[in-house]
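**Student:** Here it is, the structure, as structure tokens.
The values are calculated or read from the model by the stated rules, or taken from the named source; none is laboratory data. Small disclaimer: the values here were computed from a predicted structure and weren't measured. Because the Cβ atoms are built from the backbone with ideal geometry, glycine has one as well, and the counts that use them run over all protein chains shown. Quick note on the areas: whole protein, heavy atoms, side chains included, nothing else; ligands and nucleic acids left out. Shrake-Rupley method; radii C 1.70, N 1.55, O 1.52, S 1.80 Å.
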Amino acid sequence: MSIPESFQQQATMLHVKGAHGNSMSFDHFTTSKIKRGVHVSYPGWGRPFILENLWLNQLGIGKAGLVDNEKAKFRYALTDGNNVVQVYAHEKAVTRETEYHLLNKSGFPNSFTELQQYNYVFSAVISGDTTQVGKGWEMVMTNIYDRKASRDKNPFAYVKPGDNGLATNGTDTIFIKPVNIKQTANAEGKTSNLPFKLLSGYELSTTGGVIGIVDLMNQNIWFYNELDANERLNVAAIATAIFARRVHNEYW
């Protein structure tokens, strides 16, 4: 992930050991063991398309609705050596697709799946102990696609990388914005364009500007140098919660 030079000069980078694992540490920050609930993925009921199949079957084509549900939750404690915050998080994703398949034909390929809807919600509560300054934070990130609502005619539509979100304590707000790259460079410095956007991390900002960056590719967290200890702990909690996700984490 390429970090703007202007931000690098005003920020400090910390590498996260154990990112995406069962515990994390960086500099004087450490998490407890991440306790995870049951991570489940199960099918739901899709549209049967009974009337459409009456005539599609005559053409040797079948049509079916597919639904996939996925849920997970986790919790852990994060400390900077002085204060502790507790993080409680939930993830949920629902994917709805339409499958077209050729009847009485074996081999590959004999089916095509078209994305209809995708809904992903990640929520977390970040609560401090009674000695910590400030209120608890609530965090939410979403990624939503609806073919009908957006009038998307592209049969090859896919879920765009990255989720948008925010964290707030009722007074202050931190905006969470995905950062995507479409250009890569090899060891010799030669650049090339990717055929698609690749999620590289998330930018954390307030109305005053960028205060942190979560680098998913290199497993780093960048902190703006002017943050106080309490603000750094809040940024660290948001960043580790992003690293800890399992349902929607491209680098797990």
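**Student:** I want the local charge near Phe112. Using Cβ-Cβ distances under 14 Å, sum +1 for each Lys or Arg and -1 for each Asp or Glu among the other residues.
**Tutor:** Result for the neighbourhood of Phe112: -1.
**Student:** May I ask for the net charge around Thr98, where only other residues with Cβ less than 11 Å from the Cβ of Thr98 are counted and Lys, Arg are +1 while Asp, Glu are -1?
**Tutor:** Cβ neighbours under 11 Å give a net charge of 0.
**Student:** I need the calculated FRET efficiency for the pair Glu114 and Asn218, taking r as the beta carbon distance and R₀ as 45 Å, to the nearest 0.05.
**Tutor:** Efficiency for this residue pair is about 0.80.
**Student:** What net charge do the residues around Asn164 carry, taking every other residue with its C-beta under 12 Å from that of Asn164, with Lys and Arg at +1 and Asp and Glu at -1?
**Tutor:** 0
**Student:** Below 8 Å, C-alpha to C-alpha, sequence gap of six or more: please give me the relative contact order for the chain in percent.
**Tutor:** It rounds to 18 percent for the chain.
**Student:** May I ask for the distance between the Cα centers of segment 218-244 and segment 15-82, given as a whole number of Å?
**Tutor:** Here the answer is 24 Å between Cα centres.
**Student:** Quick check: pseudo-label points 7 Å beyond the Cα along Cα→Cβ at Ser23 and Asn53, how many nm apart are they?
**Tutor:** 5.2 nm
**Student:** Rounded to the nearest 10 degrees, what's the angle between the helix 229-244 long axis and the longest principal axis of the chain, both from Cα atoms, 0 to 90?
**Tutor:** For helix 229-244, the angle is close to 30 degrees.
**Student:** May I pose another question? Simple spin-label model, 7 Å along Cα-to-Cβ: Lys197 to Phe156 in nm?
**Tutor:** A separation of 1.8 nm, rounded to one decimal place.
**Student:** Now, a different point. Cα to Cα, under 23 Å, and not fewer than 8 places away if on the same chain: which lysines meet these conditions relative to Lys153?
**Tutor:** Correct list for Lys153: Lys63, Lys197.
**Student:** Another question about this same structure. Where in segment 1-74 are there chymotrypsin sites (Phe, Trp or Tyr not before Pro) that are in a DSSP coil and have at most 13 other Cβ atoms within 10 angstrom of their Cβ?
**Tutor:** Within segment 1-74, the qualifying chymotrypsin sites (Phe, Trp or Tyr not before Pro) (loop, at most 13 other Cβ atoms within 10 Å) are Trp45.
**Student:** What ranking, highest mean first, results for peptides 199-207, 170-178 when packing means the other Cβ atoms within 10 Å averaged over each residue?
**Tutor:** My ranking of the peptides, most packed first, is 199-207, 170-178.
**Student:** Want the number for Val38 to Met13: 0.36 nm per residue separation, take away the alpha-carbon distance, what's left?
**Tutor:** So the extension gain works out to 5.7 nm.
**Student:** Of all accessible surface on the chain at a 1.4 Å probe, what whole percent is carbon and sulfur?
**Tutor:** Carbon-and-sulfur percentage of accessible area, whole number: 53.
**Student:** Moving on. What chymotrypsin sites (Phe, Trp or Tyr not before Pro) does segment 114-174 have in DSSP loop regions with at most 13 other beta carbons within 10 Å?
**Tutor:** Taking segment 114-174 and a limit of 13 other Cβ atoms within 10 Å, the loop chymotrypsin sites (Phe, Trp or Tyr not before Pro) found are Phe156, Tyr158.
**Student:** To make sure I understand the rule: partners must be lysines, Cα under 29 Å from the Cα of Lys33, and not fewer than 8 residues away in the same chain. Which ones qualify?
**Tutor:** Cα-Cα hits under 29 Å: Lys17, Lys71, Lys73, Lys92, Lys135, Lys177.
**Student:** Please work out the average accessible area per residue across the chain, using the 1.4 Å probe convention, and give it in Å².
**Tutor:** Each residue of the chain exposes 57 Å² on average to a 1.4 Å probe.
**Student:** Something else: For every helix of n ≥ 4 consecutive DSSP H residues, a contribution of -39,500 (n - 2.57) applies; sum these over the chain, divide by its total residues, and give [θ] at 222 nm rounded to the nearest 500 deg cm²/dmol.
**Tutor:** Value at 222 nm, helices only: -3000 deg cm²/dmol.
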